[in-house]
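Peer 1: Following this message is one structure expressed as structure tokens.
The values are calculated or read from the model by the stated rules, or taken from the named source; none is laboratory data. Worth saying up front: this structure is predicted, and the values here are computed from it rather than measured. No Cβ is skipped: glycine too gets one built from the backbone with ideal geometry, and neighbour counts run over all protein chains shown.
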Ligand SMILES: [Zn+2]
């Protein structure tokens with residue numbers, strides 16, 4: 001699946017379908033197909049169709065997120081194995097960042113070690129997703145279960 005660079009578009013600018021095709025090197029049909037799938041035309045009664053940069057960005061991000069591997073509870077994406085994996089037992093660590101989301105949730109990094117290839121694993125999450133946490137006294141590590 002192709003990746004599109006949504007940073008090419010500026011939020012406050014409107015683009016024609018022809019311009020979008022040129023910028024992303026796409027056939028007109030692809031963009032017309034996106035319109036059918038939900039890409040918003042600013043004023044459908046006017047020609048040529050104009051699309052706001054912000055809407056293109058959101059649409060492209062949406063496409064990208066649909067291509068992501070869905071992780072189940074406690075899983076990581078391993079970039080070496082290129083699939084969802086679990087971490088080896090006792091190798092999961094949590095690191096609190098300085099970033100906060102709404103409702104007091106704090107961004108966390110969850111680190112692990114791939115049970116398949118022993119590669120390093122990293123998953124971004126938030127303190128809201130921690131449903132179980134405990135401290136492993138054997139090796140001074142936080143053990144967590146996340147959604
Ligand atoms: Zn792996």
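Peer 1: Of the residues in segment 101-127, how many are under 19 Å from the mean Cα position of the chain (by Cα), assigned to a loop (DSSP other than H, G, I, E, B) and surrounded by 13 or more Cβ atoms within 10 Å (Cβ to Cβ)?
Peer 2: 1
Peer 1: May I ask you to say which residue of 61, 57, 37 is touching a residue at least 40 places away in the same chain (Cβ under 8 Å) and farther than 21 Å from residue 126 by Cβ?
Peer 2: Among 61, 57, 37, only 57 is touching a residue at least 40 places away in the same chain (Cβ under 8 Å) and farther than 21 Å from residue 126 by Cβ.
Peer 1: To continue, here is another question. So which of 44, 48 ends up being modelled with pLDDT of 85 or more, under 30 Å from residue 20 (Cβ atoms), more than 16 Å from the ligand (Cβ to nearest atom) and not in a helix (DSSP H, G or I)?
Peer 2: 48
Peer 1: Let me ask you something else. Of all residues in segment 66-100, which are under 16 Å from the mean Cα position of the chain (by Cα) and more than 12 Å from the ligand (Cβ to nearest atom)?
Peer 2: 66, 67, 68, 69, 70, 71, 72
Peer 1: Here's another thing I want to ask about it. Going by the conditions given, is residue 38 outside the structural domain of residue 127 (by TED's automatic domain parsing), under 20 Å from the mean Cα position of the chain (by Cα) and loosely packed, with under 11 Cβ neighbours inside 10 Å?
Peer 2: When the stated conditions are applied, residue 38 passes them.
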